[in-house]
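Worksheet: one structure, shown below.
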Amino acid sequence: MVTARYPFSAVVGHEDLRLGLLLNAVHPGIGGVLVRGEKGTAKSTIVRGLAALLPALDAVRDCRFACDPHRPDPACPDGPHEHGATTTKPSSLVELPVGATEDRLVGSLDLERALTEGVRAYQPGLLAAAHRGVLYVDEVNLLHDHLVDLLLDAAAMGRAHVERDGVSVSHASSFLLVGTMNPEEGELRPQLLDRFGLTVQVNASRDVEIRTEVVRRRLAYEADPVGFAQRWEKADAELAESIVAARAALPGIALPDSELRRIAAVCAAFEVDGMRADLVVARTAIAHAAWRGGDAVTEADVEVAVRLALPHRRRRDPFDEPGLDSEQLEQALRDAAEQVEQAEAPEPPDDDGPGGGGGAPQSEGPQQKQEKSEEGRGGEQPPAKPAQQFRPRLLQVPGLGEGAPGRRSRSRSSSGRVVRDSTVDGHGVHLTATVKAAAPHQHARGRSGAGLELRSGDLRRAVREGREGNLVLFAVDASGSMAARTRMSAVTGAVLSLLRDAYQRRDKVGLITFRGREAEVALPPTSSVDAAATRLRRLRTGGRTPLAHGLLAVRKLLAAERLRDPRRRPLLVLVTDGRATVPASQGGDALHDAMRAAALLEADGVASVVVDCENGVVRLGLPDRLAIALGGTCLQLAELSAEQVAGVVRAARAA
């Protein structure tokens, strides 16, 4: 029995999300929508409901790539197309599962035809099915990196290129990209984030009446899906008609120069990267004008477009809060309005003469105004800022893991890249290797005609390899020997750089600090890297050095995490000068106890990196000894920077 989809019009609230999706339906050139929000907020429900509102498409009959009969793709694998062979089909909503394989996304050799007919033919993937429709990725932030790369290429070029299994194909793939994600499970790569035209934050309402209505409608739908959908059929039909009318009106919408200047001024004020933001805001404002039935873009259209298009583009750092502050937005719009008025006003006569000071002061963006406001406040001085952050070198867990998808260490994967074939292990059939294994034996097996004669011994499996995210546990020495202001500033800057790297590689992170007579779990392992950064910035220093306690606390925490998530491999980053002044037990030797604790971690198989913070004329070499006991690597602070390491390599090569 086919169950009716939950109607788009029946969703309660979420006005920004509904508007963002409808504007993209009017003008697909906006670039799609990213929906951020906590679980259970109807993100997927409303996206799936959009499909019923999209107008039907004219397509070339029997074309698997949904070519437009008025502008067919000259390179279509199913072409050349017969003139006049036209059919009508509904707009597609194609869902890309997080665990999809590369074959499923871009297509591959048609296995059935290769084995039965002995011909090399292409089987299209999801990128072909989504052409001229909607490509929906639920939990897009958990998508495998190699799939993200393919998705970025197709979204940027409007075409998919397939070079695999002896197949070389290029086909059109222009689609509306819609993704949903829960930020608690990790953030999105900046390259993919920027590809989404609009972003919307979705939260469950705290209003009792709204929550009551949500439950009432959901229960009614579950009791009678078809009847419930029929009750909202008229409202959905009116929205569908409005989309068609707005699409028809789109070419006639005027974008006055004053509003174009307003768009440029707001984007400049928020210091967004590149020019894509300006283009997206302009397209969104035009679509909004068409949607409301206007004939020209106004200031109100620009304000709506800015609110939807800029929040995810002004995040310049992983630790910045997403979204736009309403006061900053209003101030930016006021400043933009002043610039528009100044540009349209006649030029006043220059009465100041040479060297006069009559020029208008340069307008300040919202960020500069906020900084000036903070500078004017009295009271407590903020703690010293960390040293400048940098792009760190890649720290990896050795060997081959099987953990959660990420971007740090090598791992076995059921959906990663194919690296070789095997007769023993692997995921799925390695078609090319199987055919090659069977080909030399066809005559002996008495094959005649098309097709291949296969035996069980011909079967080859595809061994795939991807990248995994790890648990990166930072253990930071905050004792008095590390507490010099400039020294701790450099350490904090380095750890913040490593935290940003962990954010980008989709790791979980934890933070343990040790000072005085004990160690403290400052942050239990979490995917919220910005929480770790906040704790680190508030780090207190001073007191003795309980190094053994710190290492034992690391071991205890990792043992608990191993039970909770046994497949996620840990990477310990120990930041210390190697000194130890507090023994693990009364009467013990502090340094000896620290080395014994390190040996226990080495026996547990924990991959470790010791960041050597020892300085001064007299160097004891304790971090090196500690790294040997841990079975890990010892690096100087300067060696964490990828740029500095690359510079040393270049200098050595030049010499």
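Here are the numbers for the structure shown:
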item	result
Distance in nm between pseudo-label sites at Arg206 and Arg517 (7 Å out along the Cβ direction from Cα)	4.3
Cα pair distances exceeding 19 angstrom across region 565-619, given as percent	42
Cβ crowding within 10 Å averaged over residues, with 469-477, 535-543 ranked highest first	469-477, 535-543
Centroid-to-centroid separation of region 79-95 and region 555-571 [C-alpha atoms, Å]	52
Segment Arg567-Arg261, length gained on full extension (0.36 nm per residue, minus Cα span)	104.9 nm
Accessible area per residue, Å², the chain with all protein chains present, probe 1.4 Å	50
Simple label model, 7 Å out from Cα along Cβ direction - Ala254 to Gln191, nm	4.3
Portion, in percent, of the accessible area of the chain that falls on carbon or sulfur, probe 1.4 Å	50
222 nm mean residue ellipticity, helices alone, for the chain (DSSP H n ≥ 4; -39,500 (n - 2.57); rounded to 500)	-12000 deg cm²/dmol
Computed FRET value (nearest 0.05) for Asp62 with Thr581, which takes r as the C-beta separation and R₀ as 56 Å	0.10
Rounded to 5, percent antiparallel among DSSP beta bridges of region 499-622	50
Length gained when the stretch Gln230-Thr298 is fully extended (0.36 nm per residue, less Cα-Cα span)	20.8 nm
Ranked packing of 431-437, 235-241, most packed first, by mean Cβ within 10 Å	431-437, 235-241
Ordering of 278-291, 32-45 by packing [mean C-beta count within 10 Å, highest first]	278-291, 32-45
Distance between modelled label sites at Leu400 and Ala121, nm, 7 Å Cα→Cβ extension	3.5
Under the Debye formula (equal points on every Cα, no solvent term), log10 I(q)/I(0) of region 1-41 at q = 0.15, 0.17, 0.20, 0.32 Å⁻¹	-0.48, -0.60, -0.77, -1.14
Per-selection metrics, the chain (Cα): Rg and Dmax in Å	29.9, 101
Antiparallel DSSP beta bridges within the chain, as percent of all bridges there, nearest 5	40
Value of relative contact order over the chain, rounded to a whole percent, pairs C-alpha under 8 Å and six or more apart	11
16 Å cut-off, amide nitrogen to a point 7 angstrom out along Arg619 Cα→Cβ, residues in region 566-609	576-579
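The values are calculated or read from the model by the stated rules, or taken from the named source; none is laboratory data. Computed from a prediction, not measured in an experiment: that's the story for all the values here. Note that each Cβ is placed from the backbone with ideal geometry, even for glycine, and that neighbours are counted across all protein chains shown. Side chains are part of the model used for accessible areas, which takes the heavy atoms of the whole protein and leaves out ligands, DNA and RNA. Shrake-Rupley method; radii C 1.70, N 1.55, O 1.52, S 1.80 Å.
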